[in-house]
Amino acid sequence: MLGTVLLLLALAKTACPSPASVASRRAEALKKLLEVFGMEDPPAPPTHFKKPPQYMVDLFNTVANADGVTKNPDILEGNTVRSFLDKTQSEEMRFLFVLSSVAKNEKILTAELHLFRLWPRVTDGPKRHHFCQVSVYQVLEKDKADTPGGKKLLAARLVSLQTSGWEVFAITPAVRDWTEDESSNQGLLVTVQGQGGSPLDPPPLQFASGRGHHESKKPMLVLFTDDGRRGASLPTAGFPGGSHTPGTTPSLGRSRNARSLDRLQPCQRHPLSVDFEEIGWSGWIISPRGYNAFHCKGSCPFPLGENMRPTNHATVQSIINALRLSEGVSSPCCVPDKLFSINLLYFDDDENVVLKQYDDMVAGSCGCH
């Protein structure tokens, strides 16, 4: 995947005979680059300024460094995290999340309902509850509801009334039903009862709703999925580095002298800056603003030392080439021998915030192969 990115960036910047040809070539290159990121068209930027959910920002910072490069590939479950805000805009504890942006090939791993618990109401009288039972139900279609009350229990637990903050409930079965049959999505119902299941009127516990509360406290569905996209079999690991490094983009029109000079230099890693603002994607990508893909350049002269990180095959090829034992055998090539993934935090077409991990996007080190 990294090689495709490098070629596309080169094509997008290559000088061409006419402006029309330049524009056409650039458009073609960027369309291919979108395919690398699993998209047919770039998502439309939000129509107005929209702040991403803090949970998604925090998750991105946990998974990736400032360049978006994965810190540890085992942190994230699957390779995609989607967030959806409640569409009911109701003061009642009914919630509806539209999942039309979830691709058919995405495997649902975990689904979570995130609700912000408000400070409890002050109640009159000496009796004060310290805990209450919160239950989350999947609302069923009327013609398919074979359970009492037309709802199915998904999660239930005791919640303290002494604090405020986020509560997370697992609702994976409901979301799997909804993605298999979109018409079955009748939303969720949340109830609050006493410790013994007795009704409380008014309930001492309230969750923030889609109306009248700050954007950062709105009910949210968080979906962990995997789209099956996996990279090459090169080793991957956490990236041993940090900040964005300015780099150069390879040009197809470089002089013969410059290419000859490259061959005289030993195989090593060089910077390669990918700037999303320059590409024209900054309107929908939240983080990072760009990243350093790096690229490998240089010669693999005989004899290959350990610093060249050669494979056994490359060592044999180097010997055959040096001794001219076979015609048409070139010297080994300088290529990435370790690749890292990057993460994008972005707005999709429905203005939902998505965190997606892409394999094989950064050259971690170079070697002679």
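Residues checked against (1) under 32 Å from the mean Cα position of the chain (by Cα); (2) within 30 Å of Leu221 (Cα to Cα); (3) crowded, with 21+ Cβ neighbours inside 10 Å:
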site	(1), (2), (3)
Glu278	yes, no, no
Thr311	no, no, no
Val335	yes, no, no
Met361	yes, yes, yes
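Scanning region 177-210 for residues that are exposed (fewer than 14 other Cβ atoms within 10 Å of the Cβ) and at pLDDT 80 or above returns Glu180, Asp181, Glu182, Ser183.
So is His213 modelled with pLDDT under 70, in a loop (DSSP other than H, G, I, E, B), more than 30 Å from Gln357 (Cα to Cα) and not hydroxyl-bearing (Ser, Thr, Tyr) or not? Taking the combined requirement at face value, the residue satisfies it.
Which of the residues spanning region 316-329 are open to solvent by 10 Å² or more (accessible area, probe 1.4 Å) and in contact (Cβ under 8 Å) with a residue 12 or more places away in the chain? Across region 316-329, the qualifying residues are Gln317, Ile319, Asn321, Ala322, Val329. From the list Ser341, Ser318, the one residue that fits, being among the hydroxyl-bearing types (Ser, Thr, Tyr), out of contact with any His (no Cβ under 7 Å at 6 or more places or on another chain) and modelled with pLDDT under 90, is Ser318.
In the set Gly305, Gly290, Gly298, only one residue is modelled with pLDDT of 90 or more and over 25 Å from Ala27 (Cβ atoms); that residue is Gly298. Being modelled with pLDDT of 80 or more and not in a loop (DSSP other than H, G, I, E, B) is a description that applies to Val168.
Rundown of residues vs (1) modelled with pLDDT under 85; (2) of a type outside the set (Val, Ile, Thr), yes/no style:
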| site | (1), (2) |
| --- | --- |
| Ser18 | yes, yes |
| Leu34 | no, yes |
| Phe37 | no, yes |
| Phe49 | yes, yes |
| Met56 | no, yes |
| Thr62 | no, no |
| Asn65 | no, yes |
| Thr70 | no, no |
| Pro73 | yes, yes |
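The values are calculated or read from the model by the stated rules, or taken from the named source; none is laboratory data. Computed from a predicted model, the values in this text were never measured in an experiment. Don't worry about glycine lacking a Cβ; one is built from the backbone with ideal geometry, like all the others, and counts go over all protein chains shown. These area figures cover heavy atoms from the full protein model, side chains too; ligands, DNA and RNA do not enter into them. Shrake-Rupley method; radii C 1.70, N 1.55, O 1.52, S 1.80 Å.
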